[in-house]
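**Q** Quick one: this structure, given as structure tokens, is what I'll be asking you about.
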Amino acid sequence: MNLILAPMQGLLDPVMRRLLTDIGGYSECVTEFVRITHTLHSRATWRRHMPEIDHGCRTHAGTPCTLQLLGSDPDNMAANAQAAVAAGARKIDLNFGCPAPTVNKHQGGAILLREPERIRQIVSTVRQRLPENIPLTAKMRLGYEDGSRALECAQAIAQGGASALAVHARTKIEGYRPPAHWEQIAPIRQALSIPVIANGDVFSLADYLAIRQTSGCDDVMIGRGAVMRPDLARQIKQHLRGEPVQAAAFNAEIMDWIRLFFDLCLAHEPQGKYAVARLKQWLGMMKKASPEAAQLFAAVRTLREASEIQCVLQDFQAA
């Protein structure tokens with residue numbers, strides 16, 4: 001019953017990965033995708049996307065970190081996967097689910113779900129060229145326009161040699177609009193011999209229990225819910241261990257996490273613009289689940305300087 005932190009582009013960067021895995025509950029996390037085109041990336045590029053390479057591909061808390069690649073050319077994908085492993089990566093994941101128009105325009109991400117055979121070729125080529133001890137996994141959506149070829153795409157991934165598959169239970173066209181179709185993961189799980197990981201709209205412990213029951217999957221990947229409720233994985237683990245489930249108090253633990261996150265962002269980029277933008281982005285998501293986060297977001301929304309925000313964070317107490 002693994003809990004995996006999803007590879008959310010523009011959101012789950014190294015700082016957020018560190019924070020959420022420090023809070024705990026995750027078996028694994030996956031990086032934002034590295035775009036593969038015609039170039040062979042250097043070790044500096046791999047380290048920029050996954051600084052965990054320098055620490056045995058584990059986060060500060062010791063959570064294993066998987067490197068995700070996105071692209072459409074089998075040879076370039078395989079060559080870069082080899083280069084990433086040479087730089088220190090210990091597990092590779094392939095992205096067949098990104099809905100971004102720019103990515104899809106260049107034949108990456110979810111657009112490939114129109115071509116199951118092409119998916120099989122990409123997975124097979126990468127698998128054949130990786131060392132046997134390096135696991136290869138993949139993530140997909142149910143399809144591009146609809147889910148009519150979902151099983152075909154999933155089977156192509158398994159036949160290509162992937163050792164596990166995460167399925168985001170929406171099509172590309174649906175984006176992130178509710179609901180996620182958990183019931184459509186079940187036929188994929190039943191048809192594949194490799195583990196299938198359920199993903200989509202897990203925002204609470206109740207959602208976690210429901211997606212497992214509906215999909216039949218033991219393993220679950222959590223995305224936006226992990227950012228909106230930073231202790232969600234910890235709550236789930238408490239439940240699985242038979243312990244009382246205790247949500248973090250905003251004026252205690254959560255504020256400590258917010259202050260730590262801001263400090264980590266400043267250490268990552270001292271000029272401050274990154275820290276200001278990332279904090280507002282996070283609070284903008286947290287406020288959907290937390291009135292206290294909404295209060296803090298309102299207090300910092302118009303501020304532009306890191307020093308101003310630090311003063312607010314230092315003294316803030318939610319009403």
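The values are calculated or read from the model by the stated rules, or taken from the named source; none is laboratory data. Since the structure is predicted, the reported quantities are computational estimates derived from the model, not experimental observations. Virtual Cβ from ideal backbone geometry, glycine too; neighbours counted across all protein chains shown. For accessibility, only protein heavy atoms count, side chains too; no ligands or nucleic acids. Shrake-Rupley method; radii C 1.70, N 1.55, O 1.52, S 1.80 Å.
**Q** May I ask you to say which residue of Ala110, Ala138, Ala83 is open to solvent by 10 Å² or more (accessible area, probe 1.4 Å) and either of a type in the set (Gly, Ala, Ser) or not in a loop (DSSP other than H, G, I, E, B) (or both)? Break it down stepwise before answering.
**A** On the way: Ala110 fails: open to solvent by 10 Å² or more (accessible area, probe 1.4 Å); Ala138 fails: open to solvent by 10 Å² or more (accessible area, probe 1.4 Å).
So the residue among Ala110, Ala138, Ala83 that is open to solvent by 10 Å² or more (accessible area, probe 1.4 Å) and either of a type in the set (Gly, Ala, Ser) or not in a loop (DSSP other than H, G, I, E, B) (or both) is Ala83.
**Q** Going through the stretch 184-216 one residue at a time, which ones are over 16 Å from the mean Cα position of the chain (by Cα), within 15 Å of Gly143 (Cβ to Cβ) and either of a type in the set (Gly, Ala, Ser) or open to solvent by 10 Å² or more (accessible area, probe 1.4 Å) (or both)?
**A** Gln184, Pro187
**Q** Return yes when Pro74 is touching a His at 6+ places or on another chain (Cβ under 8 Å) and either in contact (Cβ under 8 Å) with a residue 24 or more places away in the chain or open to solvent by less than 30 Å² (accessible area, probe 1.4 Å) (or both) and no when it is not. Walk me through it before giving the result.
**A** Numbers: touching a His at 6+ places or on another chain (Cβ under 8 Å): no; either in contact (Cβ under 8 Å) with a residue 24 or more places away in the chain or open to solvent by less than 30 Å² (accessible area, probe 1.4 Å) (or both): yes.
Criteria not met by Pro74.
**Q** So, one more: Go through (1) part of a helix (DSSP H, G or I); (2) in contact with a Lys or Arg (Cβ under 7 Å, 6 or more places away or on another chain); (3) more than 17 Å from Val312 (Cα to Cα) one by one and return the number of the condition His239 breaks.
**A** (2)
Matching residues to (1) touching a residue at least 60 places away in the same chain (Cβ under 8 Å); (2) under 27 Å from Ile258 (Cβ atoms); (3) among the small types (Gly, Ala, Ser):
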| site | (1), (2), (3) |
| --- | --- |
| Gly10 | no, yes, yes |
| Val15 | yes, yes, no |
| Gly24 | yes, yes, yes |
| Val30 | yes, yes, no |
| His41 | no, no, no |
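**Q** Could you check the stretch 242-265 and list, in sequence order, the residues that are open to solvent by less than 60 Å² (accessible area, probe 1.4 Å), in a loop (DSSP other than H, G, I, E, B) and in contact with a helix residue (DSSP H, G or I) (Cβ under 6 Å, 6 or more places away or on another chain)?
**A** Hit for the stretch 242-265 is Ala248, nothing else.
**Q** Of all residues in the stretch 266-296, how many are in contact (Cβ under 8 Å) with a residue 40 or more places away in the chain and either open to solvent by 50 Å² or more (accessible area, probe 1.4 Å) or in contact with a Cys (Cβ under 9 Å, 6 or more places away or on another chain) (or both)?
**A** Going through the stretch 266-296 one residue at a time, the tally reaches 5.
**Q** Which one is surrounded by the most Cβ atoms within 10 Å (Cβ to Cβ), of the residues in the stretch 29-60 that are of a type in the set (A, V, I, L, M, F, W, C), part of a loop (DSSP other than H, G, I, E, B) and more than 15 Å from the chain's Cα centre (by Cα)? Spell out the reasoning first.
**A** Let us first name the residues in the stretch 29-60 that are of a type in the set (A, V, I, L, M, F, W, C), namely 29-30, 33-34, 36, 40, 44, 46, 50, 53, 57.
Narrowing the set further to residues that are part of a loop (DSSP other than H, G, I, E, B) leaves 33, 36, 40, 50, 57.
Adding the requirement that they be more than 15 Å from the chain's Cα centre (by Cα) leaves 36, 40, 57.
Working: Ile36: 23, Leu40: 11, Cys57: 18.
Top of the filtered list is Ile36.
**Q** Would you confirm whether any residue within the stretch 7-20 is touching a Ser or Thr at 6+ places or on another chain (Cβ under 9 Å) and over 30 Å from Leu209 (Cβ atoms)?
**A** yes
**Q** Starting from residues that are touching a Gly at 6+ places or on another chain (Cβ under 8 Å) and of a type in the set (A, V, I, L, M, F, W, C), keep the ones in the stretch 34-61 and report whichever is nearest to Asn76 (Cα to Cα).
**A** Going through the qualifying residues, I end up with Ile36.
**Q** Only residues in the stretch 239-261 that are under 23 Å from Leu209 (Cβ atoms) count as the first member; pair them with residues that are open to solvent by 70 Å² or more (accessible area, probe 1.4 Å) and part of a loop (DSSP other than H, G, I, E, B), Cβ under 9 angstrom, at least 6 apart or cross-chain, and list the lot.
**A** Listed by first residue and then by second, the contacts come to Leu240/Met1; Ala247/Arg229; Ala248/Arg229.
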